[in-house]
Amino acid sequence: MGWYFGWEVCGWDSLVFASLFMGEVFFKLWLWGSHRFLHSGWLIFDLFASVLFFSVSLLCFWFPGRDSGHLLRVIRPLRLFRLFKLKKRYRTVLGTLFLLLRPMASVGVLILLLYYSFAIVGMGLFGDLDLRNIANGTLFESYYATPANEEEFALRFYENNFSNILRSYVTLFELMVVNNWYVIMEGHVRATSHLARIYFFLFYLSTIILLNIVVAFILDAFLLRMRYKTETQKGGEHRLFRREVFLTTDEVHFTHHTLLQNHKDMTKFLKTNGNDLETQGGLLYVGKGTRTKEILFKRLQQQ
């Protein structure tokens, strides 16, 4: 009975495909060797996703239940991230998101400060309110009605309150994502007065402005990366990463006397570049670099 129930909950296809994925990973490990395999981020991720999928499939088969089935459905799509490796445009999106982690940290701190400020104000204004059955006789009665017993279905919007800092954060997050924000607002308005709308309107406007700035910043980063890749693909890499510095004769002699302690090296250098020093009064040094994420990050900061 347990085996049959395990097949019903997890499905035989999950275990079969998990076994095939594990076979694929071990075949790659045997074909390319452990050194090359362990130095590839995508192969390590493939190994992690395959082992996790296989382990959860076995867990779901031997210990069937609703929780194991839900866990399997969460783990199964992990291998879809391999699409980022196959499609260059997907890799560009993923690379830009990783590039934005550092500058977005300051934006995250700003969002936390906004949440904390409104949470403290909300706890001071609405912290002692009991919202159970607060909307009886109105259109929002079903949202705040308390269930007769634990098994009865209820929307339980009265739990969106400002009784403590954690509940305040959850309530503010639901307001930010516009999850029936007017229902939450109307419950607090009926428990206090119409002036409570000012608090919710101010938070809504603040988050709209902040989120628009974040979205504009992300779009600007994507456009910059696209222009960056277009310029380098059209032969502009030589122009983008070329630096020219002209040194006078005195600067050249000072530099090479300081750096070239060997007399033979100095003699060889003067034989090679002596004519240029006499005719041009100096030397033009050309430096070239390669395209790296650090250079793109610096350009993103300059923008």
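The values are calculated or read from the model by the stated rules, or taken from the named source; none is laboratory data. Every value quoted in this text rests on a predicted model; they were computed, and no experiment measured them. Backbone-built Cβ (ideal geometry, glycine too); neighbour counts: all protein chains shown. Note: accessible area is taken over every heavy atom of the protein model, side chains too, but ligands, DNA and RNA are not part of it. Shrake-Rupley method; radii C 1.70, N 1.55, O 1.52, S 1.80 Å.
So in segment 179-206, with the set limited to residues that are part of a helix (DSSP H, G or I) and of a type in the set (Ser, Thr, Tyr), which one is most open to solvent (accessible area, probe 1.4 Å)? Talk me through it step by step, then tell me what you get.
The initial filter retains those residues of segment 179-206 that are part of a helix (DSSP H, G or I), namely 181-191, 196-206.
Imposing the further condition that a residue be of a type in the set (Ser, Thr, Tyr) reduces the set to 182, 199, 204, 206.
Numbers: TYR182: 99, TYR199: 16, TYR204: 73, SER206: 39 Å².
It comes out as TYR182.
Restricting attention to segment 198-207, report how many residues are touching a helix residue (DSSP H, G or I) at 6+ places or on another chain (Cβ under 9 Å) and aliphatic (A, V, I, L, M). Quick ask: steps written out before the conclusion?
Taking segment 198-207 first, the residues touching a helix residue (DSSP H, G or I) at 6+ places or on another chain (Cβ under 9 Å) are 199-204, 206-207.
With aliphatic (A, V, I, L, M) added as a condition, the list becomes 202.
Count: 1.
Just one of the numbered conditions (1) part of a loop (DSSP other than H, G, I, E, B); (2) exposed (fewer than 11 other Cβ atoms within 10 Å of the Cβ) is not true of VAL74; which one?
VAL74 satisfies all of (1) part of a loop (DSSP other than H, G, I, E, B); (2) exposed (fewer than 11 other Cβ atoms within 10 Å of the Cβ) except (1).
Consider SER55 against the criteria (1) within 30 Å of SER206 (Cα to Cα); (2) open to solvent by 40 Å² or more (accessible area, probe 1.4 Å); (3) of a type in the set (S, T, N, Q): it satisfies all of them except one. Which criterion is unmet?
Unmet for SER55, out of (1) within 30 Å of SER206 (Cα to Cα); (2) open to solvent by 40 Å² or more (accessible area, probe 1.4 Å); (3) of a type in the set (S, T, N, Q): (1).
Conditions: (1) within 21 Å of VAL214 (Cα to Cα); (2) modelled with pLDDT of 90 or more. GLY108 meets all but one. Number of the miss?
That leaves (2) as the condition not met.
Just checking, does segment 24-41 include any residue being open to solvent by 30 Å² or more (accessible area, probe 1.4 Å) and within 30 Å of ILE213 (Cβ to Cβ)?
no
Name every residue in segment 133-178 that is assigned to a helix (DSSP H, G or I) and among the β-branched types (Val, Ile, Thr), in order of residue number.
Those that are assigned to a helix (DSSP H, G or I) and among the β-branched types (Val, Ile, Thr): ILE165, VAL170, THR171.
With the structure loaded, tell me whether VAL214 is open to solvent by less than 30 Å² (accessible area, probe 1.4 Å) and either modelled with pLDDT of 95 or more or not in a strand (DSSP E or B) (or both) or whether it fails that test.
Against the criterion (open to solvent by less than 30 Å² (accessible area, probe 1.4 Å) and either modelled with pLDDT of 95 or more or not in a strand (DSSP E or B) (or both)), VAL214 qualifies.
Within segment 108-132, which residues are open to solvent by 30 Å² or more (accessible area, probe 1.4 Å), of a type in the set (A, V, I, L, M, F, W, C) and in a helix (DSSP H, G or I)?
The answer is VAL109, LEU110, ILE111, LEU112, LEU113, LEU114, PHE118, ILE120, VAL121, MET123, LEU125.
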